[in-house]
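Everything below concerns the one structure shown next.
The values are calculated or read from the model by the stated rules, or taken from the named source; none is laboratory data. Bear in mind that the values here come from a model prediction, so they are computed numbers and not experimental data. Cβ atoms come from the backbone with ideal geometry, glycine included; neighbour counts cover every protein chain shown. Accessible surface areas use protein heavy atoms only, side chains included; no ligands, DNA or RNA. Shrake-Rupley method; radii C 1.70, N 1.55, O 1.52, S 1.80 Å.
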Amino acid sequence: MIGYQTDNPLIVQGDHTILVEVASPRYAEARDQLVRFAELVKAPEHVHTYRVTPLSVWNACAAGVSAAEIVGALQEFSKYPVPEHVAVEIRDFASRYGRIKLLRDERGLIVTATDLPLAEEMAHNKHVAPLLRERLSALEFLIDPISRGEIKQKLVKIGFPAE
């Protein structure tokens, strides 16, 4: 998108907040896209405010929404060009989703990473490491079922939500 698009309702700001003009002819269409990947912050009469956060992007990914769809929707409905760093950060947030999986098999409850550097980061992180009971392989760790919720929270805090 180049320049100013009069009928578009979104103003995407560098801090990941999105102002939405309710009176815009494309408001309803834009809102229906936004609710898939952004959190409503406030909704006064004329301009609603949404925010894109790592968690909102991860929730969108969990629901099958891709980073390309998120960035595409922002670009389609934005009055001005979307700040490039916002698009880059959305892609980065989305790329972190699914790199750690939590599964149960005959061995018990397992946390697995997609690559060795990420597994090492988990093994050496002061918040995550105490919850890892045993290293089963280069990429897999056994955890106590009682630690399931806590490890999921710790993984979100380090930027890698468990799928």
Any hit, segment 95-114, residues being assigned to a helix (DSSP H, G or I), farther than 28 Å from V52 by Cβ, in contact with a helix residue (DSSP H, G or I) (Cβ under 8 Å, 6 or more places away or on another chain) and polar (S, T, N, Q) | no
Failed item, numbered, when Y50 is tested on (1) closer than 27 Å to K101 by Cβ; (2) of a type in the set (F, W, Y); (3) not in a loop (DSSP other than H, G, I, E, B) = (1)
Over segment 9-30, the set of residues under 11 Å from A73 (Cβ atoms) and crowded, with 18+ Cβ neighbours inside 10 Å is L10, V12, I18, A30
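Give me a count of the residues in segment 115-134 that are open to solvent by 70 Å² or more (accessible area, probe 1.4 Å) and out of contact with any helix residue (DSSP H, G or I) (no Cβ under 7 Å at 6 or more places or on another chain).
Result for segment 115-134: 8.
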Filtering segment 145-163 for residues that are more than 21 Å from A62 (Cα to Cα) and touching a strand residue (DSSP E or B) at 6+ places or on another chain (Cβ under 6 Å) leaves a count of 1
With E89, E76 as the choices, which residue is surrounded by 14 or more Cβ atoms within 10 Å (Cβ to Cβ) and either closer than 24 Å to F160 by Cβ or of a type in the set (V, I, T) (or both)?
-> E89
Can you name the condition, by its number, that H46 falls short on among (1) more than 30 Å from V156 (Cα to Cα); (2) open to solvent by less than 30 Å² (accessible area, probe 1.4 Å); (3) of a type outside the set (D, E, K, R)?
-> (2)
Identify all residues within segment 24-52 that are under 16 Å from A67 (Cα atoms) and either of a type in the set (V, I, T) or in contact (Cβ under 8 Å) with a residue 60 or more places away in the chain (or both); write none if there are none.
-> V35, V52
What do you reckon, is A119 assigned to a loop (DSSP other than H, G, I, E, B), modelled with pLDDT of 95 or more and either of a type in the set (D, E) or over 30 Å from S24 (Cα atoms) (or both)?
-> no
Of the conditions (1) polar (S, T, N, Q); (2) more than 25 Å from V57 (Cα to Cα); (3) open to solvent by 90 Å² or more (accessible area, probe 1.4 Å), S137 clears all except one; give me its number.
-> (3)
Determine whether K154 is of a type in the set (K, R), surrounded by 17 or more Cβ atoms within 10 Å (Cβ to Cβ) and not in a strand (DSSP E or B).
-> yes
